[in-house]
Every structure is written in structure tokens, then in C-alpha cells.
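Please treat every number below as a calculation from the coordinates, not as lab data. In this text, all values refer to a predicted model and were calculated from it rather than measured experimentally. Counting neighbours? That spans all protein chains shown, and the Cβs are built from the backbone with ideal geometry, glycine included.
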Amino acid sequence: MAPPSPLATDHVDRTRHLVFSENTKTNQFYINGKQFDATHVSFVAKLGTTEEWIIKNVAREGHPFHIHVNDFMVMAVNGKPVQSLSEQDTVPLPVKGEVRIRMHFNRFVGTYVFHCHIVAHEDNGMMGIIDVSKNGRLSKKTQQALDKMNRQMAGQHMGGH
């Protein structure tokens, strides 16, 4: 058996709150009331820090939360502590419930996504972007990529290519 993850006892530097919701009439899905926007970073984390995310599902169906690149430890489900044996990258969010996870940003610098792991939900807005940087501010590389994407999108809307 592998040794327990150090996440269980890590100091938490920041707590974030996420709410997964949906509009069943329009088939639109949201995180914190917003649909995915490829030109917007939802969160910026600092390399070397530990964060807890409290992810609430207010929908009438379950949503599997998934994050790329950075694994996490499930700490509680619906307020009840969980004894996780290992880190993972996906956890089911119970209907009208919440999950508390803890992750340490210690290996990867850069931008990646988190989302509902049901493709139709992810494709219809239930996704966000996190940028992990050395100083905890949006990295210059990410900002430049977003600026370029915004310029390209503006050009497309004005008839350019």
C-alpha cells in the first residue's frame, strides 16, 4: 500500500468556492454562474501552495468534476470527512451536494482546464481555466496567448480572418 498523501495534513493557503449549475430548458451549463470562455482564466494559483476547493452541485443531476494535470485529495463529501487512500483527478459531485478537495500546486506551471467530465456538459459551458504561475499572478505567456486569441476573435467578428 502506498504511503498516505501529504495533502491530508498540508496547510491550506487558499479556499475557493465553485458552484456547478445548469439551465435544463436551454441545455446550458455553468461554473459559478458563467459559461466557459476560452479567453478568460477563471483562477490563478501560485506554485508551491495548497488550495481547498469546495465544489457545490446545485443541479438535479450529478456532475463528475475533473481537473487536468493536477491531482487532488477528496477531503469531505456533503460535510462528512473522507479517508482518501490516494490522490485522483475526478470525483462525482452528488445531486444538490458538495465535495471538498485539496490540491497542492507543486509540479506544473502553466494553464489547464477543469470541467464536468460529461462531454455534453463540458461542451455546453461547464468548464474553466486555471493558470499556475511562480508568483501567483497571471503569467505573461498566458496573458499574451489570451490577448492574441481576443484579437483574432475580434477580427473574426468584424469580418477578418
### Query
Which residue pairs have Cβ atoms under 9 Å apart, sit 6 or more places apart or on different chains, and have a first residue in region 64-87 that is farther than 10 Å from VAL99 by Cβ and a second that is surrounded by fewer than 18 Cβ atoms within 10 Å (Cβ to Cβ) and basic (Lys, Arg)?
VAL69/ARG107; ASN70/ARG107
### Task
Could you tell me which residue of region 5-49 is nearest to ARG151 (Cα to Cα), considering only residues that are in contact with a helix residue (DSSP H, G or I) (Cβ under 7 Å, 6 or more places away or on another chain) and not aliphatic (A, V, I, L, M)?
THR39
### Task
Considering only residues that are out of contact with any strand residue (DSSP E or B) (no Cβ under 6 Å at 6 or more places or on another chain) and touching a residue at least 40 places away in the same chain (Cβ under 8 Å), look in region 121-134 and name the one that is farthest from SER42 (Cα to Cα).
LYS134
### Summary
Residue hits (region 59-73; within 14 Å of the chain's Cα centre (by Cα) and acidic (Asp, Glu)) are ASP71
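Just give me the residues in region 19-51 being aliphatic (A, V, I, L, M) and surrounded by 14 or more Cβ atoms within 10 Å (Cβ to Cβ), in sequence order. Can you show your working first?
Taking region 19-51 first, the residues aliphatic (A, V, I, L, M) are 19, 31, 38, 41, 44-45, 47.
Selection gives VAL19, ILE31, VAL41, VAL44, ALA45, LEU47.
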### Task
Look through region 1-31, keep the residues that are part of a loop (DSSP other than H, G, I, E, B) and in contact (Cβ under 8 Å) with a residue 40 or more places away in the chain, and return whichever of them is nearest to the chain's Cα centre (by Cα).
VAL12
